[in-house]
Each structure stands twice: as C-alpha cells, then as structure tokens.
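To keep things clear, I will list the structure first and then write my remarks on it.
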Amino acid sequence: MKRFAILTLACIMYAGAAFAQSIPITTKVGKVSDEEVGMTTYPKDTTADVLILWQDATISIELVGNGTLVRKNSYIQRAKILKESGKSWGDYSFYIDNDSKELMSHIKVTTYNMENGHVNAVKMPANAIHRKRINDSITELSFSAPEVKVGSVIELSYDIQSDSYWDIGTYYFQRSVPVNYTHLEVKRPEWLNFSKNNKGYLTLQYSQKSMNQTISLGYESESLEFYIENFTGTDIPAMKGESNIYCISQYRSSITYDLQAITLPGSYKNLSSSWDDVDKAILESDIHKVLNSPCRFKPEVDAIMAMDLTPIEKVSEIWKLTLGKVSWNKNNALVPGYVSDILKAGSGNSADINAIMGSALKYAGFNVKPVLLRTRDNGMIMDFHPRLNSFNTFVLKVQLDESSSVFLDAACKEGYFNVLTPEYIVKQARIPVADGKGYWEDLTVTDKGHSEYVSAMTKLSADGTLEGSFNMQYRGIPSLMMKMAYNEINDEDKFIDAFENRLGFHVNGMETEQMDSLSAGCSIKMEIQKDCDCAADLIYVPVFLQKFHNRNSFKDAERKYPVDFDYKEMCNYSFYLEIPEGYVVDQIPSPARMSFAPLGATVMFQVTKTGENTLMANFSYRQNVVFLTPEYYPDLKDFWQAMCSLYDSMIVIRKAD
C-alpha cells in the first residue's frame with residue numbers, strides 16, 4: 001500500500017474511565033449465557049453477520065528452566081453468528097513456526113446452540129485438528145467448529161509457546177465485524193525494551209502496573225521488575241473494506257510491539273534489527289536453499305538451451321516447462337516446500353513454483369534473484385520495522401544480458417515478463433544479497449503499457465436489429481485478467497454465456513488468440529447481435545456495447561480512507577454504425593472532454609458522421625495515478641459520475657420523411 005497517514009492513524013487514545021460493553025458477558029471460558037445464544041441481531045450494527053462478543057489475549061514473556069526466555073500467548077474468542085454469511089467464522093487455520101519451536105496447545109472449540117429452549121454445547125473432538133507440514137519451517141493446523149448455524153455462539157481458546165520471545169507482533173482491537181469487548185494484557189521484564197506502534201482512533205481503557213520476580217543469573221539471584229500493561233475496549237465498530245482499497249486492516253486500531261534492546265544488570269545489547277539482518281535470514285532460509293538446489297529436469301533444460309533462441313525465448317520455454325511440471329494451487333507463500341513432494345503432487349504455491357523455476361534458470365546459466373514483496377492486500381512495508389515477516393511472497397528477477405532484465409511470477413501462467421498481478425505492483429520489494437549489499441526494487445516500474453482496445457463494426461436493420469463484429473484486444477494486466485477469467489470458467493460456451501449476460505447481446509461465434517499462451521497480450525473476436533429499443537419511427541442505438549467502468553464504484557457521499565486503483569489504465573473504444581436505407585440520424589451525443597489532475601486522468605468522447613448513412617464513435621480513457629488520498633474523494637466522485645454518464649449515450653435514428 002502507498003505511504004499515506006490519515007487522521008484516523010493517530011495514536012490510540014488511552015483513557016482511565018471504565019467501559020461497559022453493550023452485551024453483558026462473563027469473561028470466563030465456558031460461561032456462555034442464554035442471552036448470548038438467544039440474541040438474533042446486534043442493535044449497534046444490524047448489518048453485521050458476526051459479532052465478536054469477547055476477544056482476549058494474554059501475552060507473557062517468562063523465564064523457564066534455567067533462565068530461558070519464552071513467549072506464552074493465551075487467546076480466547078467468542079463469536080456470535082448472526083447471518084448465514086458469517087458461518088465461515090467457525091473455520092480456523094493457523095501456521096506454526098517450527099524454527100522458533102512454536103507450540104500450539106490446549107485448543108478448545110465449543111459451539112453453543114439454543115435447542116428446545118435450552119443451551120446445548122457441542123465440543124470439537126481432538127481428532128478434528130488437522131496438521132500439515134508445509135516445509136521445515138512451517139506447519140499448518142486447521143479445524144472447524146462443530147454444528148455451526150445461524151444463531152450459534154462459537155468459543156475458541158488456545159495457547160501458544162514460542163522461543164521467539166521478542167516477537168509479540170500485532171494485536172488488532174478492531175476487526176472486520178463489530179467487537180463487543182476486547183482485552184489485551186502484555187507482561188514483560190523491565191530489561192526488555194520494546195517500542196510500540198499504535199494505529200487507529202479508538203479510545204481504550206489503559207493501565208500499567210509492575211511486579212517483582214526473583215530470577216537466577218549464573219551463580220547469583222536478582223530481583224527484577226516486570227511490567228504489565230492492559231488494554232480494554234468495548235463496542236468497537238466494524239471497519240469494513242471500502243471499494244478500491246487493498247488492505248483495510250492497516251487502518252484498523254491495533255498495537256505492534258517491537259523489541260529494541262536488552263538491558264541486563266551490567267550489560268546492554270541493542271536488538272533493533274536492520275534489513276541486512278533480514279537479508280541474512282533469507283539467505284539462510286529454504287527460499288535460498290531451494291532456489292539454489294539442483295535442477296530436477298536437466299535434460300529438458302539442456303534441450304531448450306541447445307535451441308537457436310534468444311535469451312528471453314529460452315526463459316519463456318523454461319517457464320512453460322516448469323508450468324508443465326507444477327500447476328499453481330492459487331496460494332501465495334514466502335517459503336517453498338519440499339521439491340520432491342511438490343513435483344510428485346504436480347501442484348504448489350507461488351513460492352514452490354518460483355523456486356523450482358529459479359533453480360532451472362540458474363542451471364541454464366541465467367542470473368536469477370528472488371524479489372521479496374508484501375502484496376498490496378497485506379498492507380505496506382514499514383521501513384522502521386525490519387522483519388522477515390514483512391514479506392509474504394516473492395517473484396523472480398532474471399538477467400537476460402548485460403543491459404536488460406525482467407521480472408516474472410512463474411506461478412502465474414496468465415502473466416508475462418514484467419506483467420505481474422496488480423497485488424504485486426509495490427513500491428518496495430527486496431533483493432537479499434550477502435555482506436550488507438541487499439537492495440530495494442521498485443516493482444511499479446512494470447506498471448506501464450497496459451491497454452484495452454475494443455472496436456465494434458455494426459450494421460443496423462430497420463427492425464432495430466444491430467449486427468456486426470466485436471473485437472477486443474488486451475495487453476499487459478488487462479490481458480492477464482482476461483486470461484484468468486477465461487481459464488477460471490474453462491468452458492467456451494459458459495464463457496460466451498457470461499459475456500452475453502454481462503453485455504446484453506447475443507454471440508453468434510467467437511475466436512480467441514493467445515488465451516492459453518505465455519504472451520503479453522490476447523484477443524477475442526465475436527460476431528454479435530443485439531435488439532435495439534424502438535418507438536414509433538425512432539430507433540435508439542447504444543453507443544457503448546461495453547462499459548469500462550462501474551458507476552457504483554464511488555457512490556458513497558464521503559470516504560475516510562485512501563483510494564487504490566489496480567494499475568495505470570488506458571482504454572480505447574470505437575463504434576462504427578451503418579444505418580439502414582430510408583433512415584436518417586435524428587440525434588447524436590454531444591462531444592465530451594474532461595480531466596481530473598489528481599488521478600492523472602483524461603477522457604475524450606466524440607460521435608461523428610462519416611458518410612451519408614455511417615457514423616463513428618470514439619472514446620478514450622487514460623489514468624496515470626493509482627493512489628488518491630481521501631481529500632480528493634468528492635472531486636473524484638463527481639468526475640467518475642460524469643465519465644460514467646457517457647456510457648448511457650444513445651444515437652437516435654429516425655425514419656426519413
């Protein structure tokens with residue numbers, strides 16, 4: 001996400017007064033009241049499909065054994081399912097860090113339902129917890145609450161212990177659904193100095209106290225002080241995503257702890273990490289290991305390298321070869337799994353496929369580097385907070401020759417060189433290099449040359465039937481997105497049906513080009529037929545057989561958060577119309593030219609007569625900015641509505657006198 005701080009990102013306000021939640025609860029596991037189970041709506045937000053009745057976290061850094069530091073977390077969440085769409089809150093998935101000896105235990109899930117006037121509690125059996133080892137570093141735990149239905153109350157509780165005592169992480173007081181009551185307690189030794197990064201506008205109850213504890217330091221015992229902080233909030237409104245925003249969670253009220261130093265009696269150790277430290281961790285991880293592992297299909301790569309091809313053509317062939325071995329399972333990841341397991345399964349996540357292709361390219365002699373990034377839907381990277389988990393996936397940078405290189409996401413078969421999905425177009429992406437030589441890459445340099453050109457050549461009959469050809473040419477991200485839509489449906493007849501339903505005309509035939517190939521573009525040609533509205537001697541012909549933008553994208557009266565656009569956009573549309581003999585043009589739309597400087601956007605539209613019975617309409621849209629601050633929203637809304645009103649333009653044809 002872009003670097004922008006709005007007023008709602010001010011520090012969390014702390015207050016000393018006590019708060020009472022709207023829905024009274026007992027903050028004890030297993031003590032769910034009849035009122036909680038019986039409630040059917042939340043008066044403060046009747047649109048809510050889920051209400052978090054109670055969420056609680058206790059995070060404690062403790063000394064165990066002979067003085068070893070560990071982090072112990074205890075979590076509780078009690079959720080009320082108010083609508084059918086909220087039932088997915090009963091499905092859980094957790095990723096456990098094996099490297100830090102993370103252990104998740106005491107997992108308890110109970111579903112409470114009202115049956116015959118009484119509360120019935122159903123506990124999840126222990127064997128319902130599924131464990132899947134993703135790789136040496138990560139294990140996935142997944143499970144679901146039993147017998148979830150509208151009206152259920154689901155209570156989840158679990159503990160986590162980890163050697164990563166420094167990694168308290170981020171706690172969200174605010175969620176995508178309303179929260180009735182939330183509480184966070186953080187206990188830490190005085191000699192662990194943490195910085196705190198607060199976000200949000202909520203007023204929370206805050207308290208801090210201290211306690212003494214005697215610990216053993218070698219041959220001596222020392223009484224050290226522990227700090228205990230408590231945060232409490234009630235009646236917290238949901239922060240739902242608005243249109244055109246990639247990561248609403250980065251604006252939600254939260255607190256992040258980051259260890260800066262250890263101050264023991266007689267010593268001081270600065271632990272604030274740097275990006276060089278992150279680079280070192282990456283180079284020691286499975287990302288680097290798999291990327292530099294032996295190629296698993298050397299004969300095929302050798303055959304490709306023996307061909308009389310340019311470097312980029314050879315990379316393309318190796319890309320096709322990789323996708324022939326492993327298909328993408330639609331999951332993104334940072335750390336690849338076991339190569340043998342991936343190849344055996346024939347599918348893998350983004351990290352798996354990029355690492356395997358990187359290994360093949362390295363074997364072929366190409367200089368390949370992983371480019372680590374945080375996708376836009378996961379929020380922006382914080383410069384002041386260098387951490388490995390700042391990233392959630394990576395792509396590849398391939399050096400073709402001394403003067404040129406390309407970025408590619410090997411997992412995305414619909415992409416191409418320097419054509420990445422919009423979520424990957426970020427300002428900061430990291431290439432790790434040893435000895436402090438790592439550096440940042442700007443992936444927004446790939447955000448250019450994306451175009452969509454649509455042309456219609458049509459002929460109108462006296463009965464109002466419009467027939468002709470409809471041609472669509474896509475390049476860059478529009479091509480990627482159209483290929484994704486085509487492959488998602490995976491049936492030409494259903495694809496045509498989808499077009500007919502969306503655009504409102506009948507398709508008599510379709511031809512496609514490069515929809516299944518690694519290419520920068522693709523095209524679709526259709527033979528179409530549409531019935532125009534007729535009234536007396538008039539025929540109303542719509543100028544736009546396709547609309548490029550949605551009028552409802554910006555319909556709210558005001559907006560609190562920034563506006564994100566997918567990419568820099570360029571659209572061109574032409575509409576050629578031949579009218580029937582015995583008819584004349586009664587009315588054509590007025591020309592329009594408009595612009596909106598903050599968005600770098602321009603619009604041009606004109607309909608002209610090109611002959612006695614022919615007309616041509618031309619429309620173009622250009623947009624060179626992908627991020628707008630909320631202050632521009634009122635003007636954006638006006639510009640957007642004015643532009644979208646052009647899509648209603650009609651050419652009126654009248655029978656000659």
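The values are calculated or read from the model by the stated rules, or taken from the named source; none is laboratory data. Given the structure is predicted, the values throughout are model-derived calculations rather than measurements. Because the Cβ atoms are built from the backbone with ideal geometry, glycine has one as well, and the counts that use them run over all protein chains shown. Accessible surface is based on the protein model in full, side chains and every heavy atom, while ligands, DNA and RNA are left aside. Shrake-Rupley method; radii C 1.70, N 1.55, O 1.52, S 1.80 Å.
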Residue span ASP34 to VAL445: 0.36 nm per residue of separation minus Cα-Cα distance leaves a gain in nm of 142.2 nm
What trypsin sites (Lys or Arg not before Pro) in the range 477-553 are in a loop by DSSP, with at most 16 other Cβ atoms within 10 Å of the Cβ? LYS547
Of the candidates ALA121, MET104, ASN135, the farthest towards the positive dipole end of the range 89-137 (Lys/Arg Cβ +1, Asp/Glu Cβ -1, centred on the Cα centre) is ALA121
Working with all protein chains in place, sort TRP275, TRP440 by solvent-accessible area computed with a 1.4 Å probe, largest first. TRP440, TRP275
Estimate the FRET efficiency between ILE129 and ASP493 by the formula 1/(1 + (r/R0)^6), using the beta-carbon distance for r and 51 Å for R0, to the nearest 0.05. 0.75
Mean Cβ neighbour count within 10 Å, used as a protection proxy, ranking 507-514, 35-42, 343-350, 425-432 highest first: 425-432, 343-350, 35-42, 507-514
Choose one of ILE228, ILE154, LEU192: the residue whose Cα lies farthest towards the positive end of the charge dipole of the range 102-253 (beta-carbon charges +1 Lys, Arg; -1 Asp, Glu; about the Cα centre). ILE154
Using modelled amide H (1.01 Å from N, peptide plane; none on Pro or chain starts), what sits under 5 Å from the amide H of VAL177, excluding residues fewer than 5 places away? MET239
Given charges of +1 on the Cβ of Lys and Arg and -1 on the Cβ of Asp and Glu, with all other atoms neutral, how large is the dipole of the chain about its Cα centre, in debye to the nearest 20? 1220 debye
Between 0 and 90°, nearest 10: helix 477-489 axis offset from the chain longest Cα axis: 80 degrees
Options (i) 33.4; (ii) 28.9; (iii) 29.6 are given for Kirkwood radius over Cα pairs in Å, and the computed one is (ii)
What helix-only [θ] at 222 nm does the chain give? Using -39500 (n - 2.57) per DSSP H run of at least 4, over all residues, to the nearest 500, the answer is -4500 deg cm²/dmol
Rounding to the nearest 20 debye, state how big the charge dipole of the range 89-245 is about its Cα centre with +1 on each Lys and Arg Cβ and -1 on each Asp and Glu Cβ. 460 debye
Given Cα pairs under 8 Å that are at least 6 residues apart, what percent is the relative contact order of the range 467-571? 30 percent
Please give the contour-minus-distance gain from GLU140 to SER553: 0.36 nm per residue of separation, less the Cα-Cα distance, rounded to one decimal in nm. 145.0 nm
The chain, relative contact order [Cα under 8 Å, separation at least 6], %: 10 percent
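State to the nearest 20 debye the size of the charge dipole of the range 70-175 about its Cα centre, where the only charges are +1 on K and R beta carbons and -1 on D and E beta carbons.
Here the size comes out at about 320 debye.
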Once both labels are modelled 7 Å past Cα along the beta-carbon direction, what's the LYS560-SER595 spacing in nm? 3.5 nm
Which whole-number percent is the relative contact order of the range 294-364 (Cα, under 8 Å, 6+ apart)? 41 percent
GluC sites (Glu not before Pro) in the range 531-620 lying in a DSSP loop, each with at most 14 other Cβ atoms within 10 Å of its Cβ, come to GLU558, GLU581, GLU612
Out of PHE554, MET604, CYS532 - ranked by how far each Cα lies towards the positive end of the dipole of the range 531-608, with unit charges on the beta-carbon of charged residues - the top one is PHE554
With a point put 7 Å past each Cα toward its Cβ, work out how far ILE262 is from ASP531 in nm, to one decimal. 7.9 nm
In degrees from 0 to 90, rounded to the nearest 10, what is the angle of the helix 350-363 Cα long axis to the longest principal axis of the chain? 80 degrees
Heavy-atom accessible area of ASP533, protein chains in place, probe 1.4 angstrom, given in Å² to nearest 10, is 100 Å²
Taking Lys and Arg as +1 and Asp and Glu as -1, residues besides SER142 with C-beta under 13 Å from its C-beta add up to +1
Reachable aspartates and glutamates from LYS209, criterion Cα separation under 17 angstrom, eight or more residues apart if same chain: GLU62, GLU185, GLU190, GLU225, GLU229
Crossing angle, helix 492-503 versus the chain [Cα axis fit, 0-90 degrees, rounded to tens]: 80 degrees
Measure out, as a whole number of angstrom, how far apart the alpha-carbon centroids of the range 557-587 and the range 42-56 sit. 41 Å
Using 0.36 nm per residue of separation minus the Cα-Cα distance, give me the extension gain between GLU511 and SER405 in nm, one decimal. 34.8 nm
Near LYS547, which lysines are there with a Cα under 21 Å away, not counting those fewer than 8 places off in the same chain? LYS459, LYS483, LYS494, LYS525, LYS530, LYS555, LYS568, LYS637
Tell me, what is the FRET efficiency for GLU284 and SER207 to the nearest 0.05, using R0 = 35 angstrom and their Cβ-Cβ distance as r? 0.30
